[in-house]
1. In the stretch 26-59, what residues are among the basic types (Lys, Arg) and surrounded by fewer than 11 Cβ atoms within 10 Å (Cβ to Cβ)?
2. If you go through the stretch 18-41, how many residues are more than 19 Å from residue 97 (Cα to Cα) and either in the same structural domain as residue 89 (by TED's automatic domain parsing) or hydroxyl-bearing (Ser, Thr, Tyr) (or both)?
3. Against the conditions (1) in a helix (DSSP H, G or I); (2) farther than 16 Å from residue 95 by Cα, where does residue 40 fall short? Just the number, please.
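The values are calculated or read from the model by the stated rules, or taken from the named source; none is laboratory data. This one's a predicted model, so the numbers in the text were calculated from it and none came from an experiment. Don't worry about glycine lacking a Cβ; one is built from the backbone with ideal geometry, like all the others, and counts go over all protein chains shown.
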Amino acid sequence: MEDSKHEAKTHTMYSNSLNESRFKVLLFLYRMGGIPLHMTSVSRHNAVYNVIVNVCFYITNIGVGGSTFVHKHQLKIAMQMFRILLSLQTTMWSHFIFR
């Protein structure tokens, strides 16, 4: 009984097109990043895209982390790689929150 009340409440809350018009740009950017916010069903193409984007992102993250570790004795290169790694970690953190 509680689940049906909660489901009805969330359905009416997200079915409003006012959210789509207000946050059109943000929703578009999140969907381009692979986060399907307020979508009723995810297409097969979107699911494949999400998998490819996530795999590429995590491989890039591991590669930059390894490059930072390899160049740890060359401070200038290590700091450049660490700056990129820090921004990738921040992006990963926000992605986990929205997922």
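1. Residue satisfying the conditions is 44 alone.
2. Result for the stretch 18-41: 3.
3. Exception for residue 40: condition (1).
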